[in-house]
Amino acid sequence: MVMPQIKEAVMQLDVSGTENAVVARNVSKNYGKVEALKNMSLEFPRGQLTSLLGPSGCGKTTLLKIIGGLLQPTSGEIEVNGKPVNAPGPDRAFVFQDFALMPWANVIRNVAFGLELRGVAKSEREAIAEKYIADVGLKGFEKSYPHELSGGMRQRVGLARALSVDADVLLMDEPFSAVDEQTRRKFQEDLLRLVQNENKTFIFVTHSIEEAVYVSDQIAILLPRPSRVSEIIRPTGFRSMDADTIRRNPEYLDIVDRIWASLRSYVE
Amino acid sequence: MVSRSLQLKILSAIIVFGAWEIAGRIPVSYAFPTFIDSMVALVRMAFDGTLLVAYGETLKPLVVGILISSIFGIGIGLWIGLSEKFDWLFSPIFIVMQAAPLAALIPILVMAYGIGLTSKVFVVCIMAMPVIVLNTAGAVRNTPASIKEMGKSYLGSDMDIITKIILPSASPVIFSGLRLGVSAGFIGAILAELKITPTGVGDIITYSRSIADYPAMYAAIFSIIMLAVLFLNLLERIEVYLFEGNVRGYASD
């Protein structure tokens, strides 16, 4: 009779021990009668990259947009740094699947746009933007327009924009799905470095199992109908290894296989 | 070295004016003057001040009408594009306006507003406004959702999103609406001068025809076409100046 209580107390201690940057509590989202998310709870540890992985229709993008404040949950709440939020805020920055660049603005204005909307003076925001443009490897393209850039370069602009507002949490909605395979691999390696160097929390939506296992500290597998978190996997063995050797690591391969086995039946 | 596009423009002008000259010399009709005669009449009217006085009259309803149509057209179009309710309320008016046979409406306008400037401005507006409103509304409605979301997620206010995202994004279609609207406005201005009271360029056309001075009549028509073309070019320059990246292409191409 006593044992379960002790176990519960230990569990709670564990939760408060790992500090979470973002917490989703019992989040539900209905579109009319359709339940996109049902009673979903999930924790995103600070300074780590958490992937939301699942078949299409599992609500992973919906959850990301709710965290970003772009959608309102029907019930439940989102906490960022311990405070409940229901609108976009300076603590979160978004990277979009289709880049969401403004075609009429050049690279530097696109990158500085987040700061422009916050009322930062032009010279100051352009100095910050220049730094991040160089960081993502686009030095020399400041005055180019988005249509003059390749898909990969456009997403680098989107990434620089998200970094330049210096938010704690980066929300990435399938950021590499619209770029070609080789650029994508380069992006994944860069992302690993980014997670290590920047003290930021990353929430990463993807439908690629390999990508999720490759880049994540924590993978939340979401399943559809009704949408729920079926499993949380934390790859530990290869996280500190060199980027080149991860794909040959047995743990990496095992996790990829395991995830595919559990998702297989949901893919029609 | 003259650029290739300019060469082609000159070539096409030579072909058109050459054909005009030949047709005038045959002649296809006694009421059809040659190109050279028309140009001589144009130069004559330009130097004796006739054209200057005429355009002083014609430009009044034209400029007022186009200004009203542009400002209110883009404003109403923006409103319609942003609000479904206003779409239902206002779109039908402009669709009917666009389809209405204007010449048949002119007598009603004259009864209501007399034969002065007001009626002429109305004619210009009826011609120019619908296409500006409908183009603006359509473009605003079709702003890519992800750019609007981007604005929202980077803490843009509603006003920021309208002025910094929706309007620039809609600008190529708004400008094409303006171009169509302005050319329709030119037609409206001349129509008003032919149908309501003969003043300005419309007066030159009517008067020259009545005394069979066909070169002068064609010179007047030619001059208004030239003015319209110049105005459209100016509009294009403004667009390139304001939204450079838009004119060159889209990120989604």
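For the reader, a short list of remarks on this structure follows.
- When the alpha carbon coordinates of chain A are projected onto the principal axes, the ranges are 68, 41, 38 Å, largest first.
- A simple rule links phi to the HN-Hα coupling: the Karplus curve 6.51 cos²θ - 1.76 cosθ + 1.60 with θ = phi - 60°, which for region A:92-109 gives 10, 10, 10, 10, 9, 4, 9, 6, 6, 8, 8, x, 8, 10, 7, 4, 5, 5 Hz, with x for Gly and Pro.
- C-alpha center-to-center spacing [region A:155-176, region A:78-110] in angstrom: 7 Å
- Computed over chain B with a Gaussian network model linking Cα atoms closer than 10 Å, the most mobile of B:56, B:65, B:200 is B:56.
- Only helical runs count toward this figure. For chain B, summing -39,500 (n - 2.57) over DSSP H runs of n ≥ 4 and dividing by all residues gives -27500 deg cm²/dmol at 222 nm.
- Between the alpha-carbon centres of region B:37-72 and region B:164-216 there is a gap of 10 Å.
- Convex hull volume of the C-alpha atoms in region A:13-152, normalised per residue: 157 Å³.
- Rounded to 5, the percent of DSSP beta bridges in chain A classed as antiparallel: 55 percent
- Per the Kirkwood formula applied to alpha carbons, the protein assembly as shown shows a radius of gyration over Rh ratio, Rg over Rh, of 1.15.
- For region B:57-102: rounded, prolate or oblate by the Cα gyration tensor [a/c cutoff 1.5]: oblate
- Lys pairs, chain A - Cα-Cα below 17 angstrom, 8 or more residues apart or on other chains: 9
- Across the alpha-carbon set of region B:15-66, the Rg to Rh ratio works out to 1.16, Rh being the Kirkwood radius.
- Exposure proxy ranking, count of Cβ atoms within 10 Å, fewest first, for A:53, A:253, B:8, B:191: B:8, A:253, B:191, A:53
- Candidates A:49, A:71, A:223: whichever shows maximal mean-square fluctuation once chain A is modelled as a Gaussian network with Cα springs under 10 Å: A:71
- Rg followed by Dmax, in Å, when chain B is reduced to its Cα trace: 21.7, 70
- Phi-derived couplings, Karplus 6.51 cos²θ - 1.76 cosθ + 1.60 at θ = phi - 60°, listed residue by residue for region B:81-96: x, 8, 10, 5, 4, 5, 4, 5, 6, 9, 3, x, 4, 6, 5, 5 Hz, with x used for Gly and Pro.
- Structure remark: mean-square fluctuation, Gaussian network model of chain B, C-alpha springs under 10 Å; the largest value among B:146, B:91, B:171 belongs to B:146.
- Chain A, helix-only ellipticity at 222 nm - DSSP H runs n ≥ 4, -39,500 (n - 2.57), divided by all residues, nearest 500: -12000 deg cm²/dmol
We did not get these values from a lab; they are worked out from the coordinates using the rules stated. Predicted model, so just to flag it, every value in this text is computed and none were measured. Ideal geometry is used to build each Cβ from the backbone, glycine not excepted, and the neighbour counts take in all protein chains shown.
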